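The values are calculated or read from the model by the stated rules, or taken from the named source; none is laboratory data. Since the model is a prediction, treat every value here as computed from it, not as a measurement. Counting neighbours? That spans all protein chains shown, and the Cβs are built from the backbone with ideal geometry, glycine included.
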Amino acid sequence: MNNKSIAKALDFIKNSGVKEKDVQTDFLSVEPNYDHSLSRTKPTFYLVRKSIEVRFTRIQRFEGFVTGLLTNGVTTIHGIDFRSTEMRKHRDTARAMAIRAAREKADALAAELGVKRGKVYNITANDWSGWAGGYWGGRGGAMFQNTAQNTGAASEVTDRTLSVGQISISASVSVSFLIE
């Protein structure tokens with residue numbers, strides 16, 4: 001049954017114009033299920049799950065695509081992530097903004113203490129995208145600076161039931177400076 005459902009879903013995806021390179025089976029599990037009143041060692045059935053990752057680029061047709069998946073063998077849709085095709089460019093910009101902010105914050109803190117910011121002795125960076133909340137401050141003596149780079153134009157969706165909004169691309173850096 002699972003194979004028939006997956007085949008039907010994959011046919012729908014292919015017929016929707018999604019390129020083969022943009023479709024990947026990314027998860028497979030087979031789990032025995034027991035009726036403990038009958039046997040604790042012999043499964044009564046096996047639960048099979050397959051997960052398909054699809055890169056769908058026609059945002060104007062997104063809701064119809066989702067509906068098509070659900071009527072063509074897919075039972076669960078999870079992990080929808082809206083991204084920019086220029087993620088690297090925007091991440092690099094956000095990271096540079098975070099570095100500038102870390103330096104400015106260190107200068108302000110050092111000035112309040114009557115000292116000067118010295119050379120960097122440690123730096124780490126974390127990048128993420130999506131609805132990143134988390135603008136947080138110092139932790140463990142290190143300074144964290146978070147910045148978001150707005151990727152620009154609003155959604156191209158014409159259907160009024162999906163609100164993609166603007167994609168946030170963020171960078172978090174932790175910079176430790178010496179004090180002079």
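Checking each residue in segment 58-95 for being part of a helix (DSSP H, G or I), exposed (fewer than 15 other Cβ atoms within 10 Å of the Cβ) and in contact (Cβ under 8 Å) with a residue 24 or more places away in the chain picks out GLN60, GLU63, MET87.
Examine segment 24-41 for a residue that is of a type outside the set (Phe, Trp, Tyr), outside the structural domain of GLY165 (by TED's automatic domain parsing) and within 25 Å of LEU162 (Cβ to Cβ), and state whether such a residue exists. Within segment 24-41 (the criterion being of a type outside the set (Phe, Trp, Tyr), outside the structural domain of GLY165 (by TED's automatic domain parsing) and within 25 Å of LEU162 (Cβ to Cβ)), the answer is yes, since at least one residue qualifies.
Criterion applied to ALA9, ALA98 was being within 30 Å of PHE177 (Cα to Cα) and not in a strand (DSSP E or B), and the one residue passing it is ALA98.
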